[in-house]
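None of the figures in this text is laboratory data; all of them are computed from the coordinates on show. Since we're looking at a predicted model, the values are computed, not measured. Positions of Cβ are generated from backbone atoms using ideal geometry, with glycine treated the same way; all protein chains shown enter the neighbour counts.
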Amino acid sequence: IMSKDQNIFANYRFDFQIYFDFSGYSDMAIGLGHIFGFTFPENFKYPYISKSITEFWRRWHITLSTWFREYLYIPLGGNRRGRTRQIWNLFVVWSLTGLWHGASWNFVLWGIYYFILLTIEKIFLGEKLEQLPGWLQHVYTCLVVLFGWVIFANENIADLGRYFLTMFGANGALYNQTAIYQWYTHIPLLIVLIIGSTKLPKQLLRKGWTRLKLIDAISSHQEQIRFVAASIFTVLVLYCSVAFLVSGSYNPFLYFRF
């Protein structure tokens, strides 16, 4: 997915690729479940707006985190048996979380990476992190998650150090012709992805829906109008999605790798 000759832009692309790929798949599963009469819990709640790693894992892959918490962390004793036992429980949970994604050392390292970060947040940082300005908390979280995806995506451990150096400009990787071309041609898409990973589109849609209710409040056919408007919007989104799939190359579901 990534190669050592790429720059930090490649990592940002992977961040959004794995989020929209897996989050979209989860939303499809929830929708299909409703069609057949099943109710599945929400699996992603805007994880990239988080202000701590603890919050990030409350928003990312919620069903997996919940399973490990309820069937492993709590039965092991959670945080009820002292500080040392809590650290051990976190180590066991996150080592197994890494292995859950695949029998590769990069996944184990990724799990231990989050074990260290969550241990620092839960036991040592505490409220100190919350006292920082909100934007600084958010930058900290985004950078930590960014580094985590580098470990997650690179199965060759020997290349990790080289990739980290390349990300931050080694050998001119931030300002060579390839990097400049990538930033120049993909910035509009990057902006769309950033906005799409926040609550803003949903908030705008709700505002538009509220205005529609006000407009058709005097109409005796307001339910029909809302139904038609929602149907048209859904068809347009489906058309755009299919158009992108047809025009793009074969790109299977990313999480099939794990």
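With each label modelled as a point 7 angstrom along the Cα→C-beta vector, the residue 21-residue 186 pair spans 1.3 nm. Here each label is just a point 7 Å from Cα along the line to Cβ, and for residue 88 and residue 177 those points are 5.9 nm apart. Once the Kirkwood radius over Cα pairs is known for the stretch 101-174, the Stokes-Einstein relation at 37 °C and 0.692 mPa s delivers a diffusion coefficient of 236 µm²/s.
Cut-off 12 Å, label point 7 angstrom out along Cα-to-Cβ of residue 127: give me the residues of the stretch 33-65 whose amide nitrogen falls inside. Flagged as within label range: none. Using C-alpha pairs below 8 Å separated by at least 6 residues, the relative contact order for the stretch 1-142 is 20 percent. Taking only alpha carbon atoms, the stretch 30-121 gives an Rg to Rh ratio of 1.03, where Rh is the Kirkwood radius. Applying 1/(1 + (r/R0)^6) with R0 = 45 Å to the Cβ-Cβ distance of residue 243 and residue 63 gives a FRET efficiency near 0.90. A Förster radius of 30 Å combined with the Cβ-Cβ distance from residue 35 to residue 229 puts the calculated FRET efficiency at roughly 0.90. Of the chymotrypsin sites (Phe, Trp or Tyr not before Pro) found in the stretch 17-56, those that fall in a DSSP loop while having at most 12 other beta-carbon atoms within 10 Å are 36, 38.
Extension gain for residue 156 to residue 136 (0.36 nm times residue separation, less C-alpha to C-alpha distance): 4.0 nm. Mind giving me the nanometre distance, one decimal, between the label points for residue 72 and residue 199, set 7 Å out from Cα along Cα→Cβ? That separation, rounded to one decimal, is 3.1 nm. For the peptides 102-112, 71-81, residues were scored by their other Cβ atoms within 10 Å and the scores averaged per peptide; the highest-first order is 102-112, 71-81.
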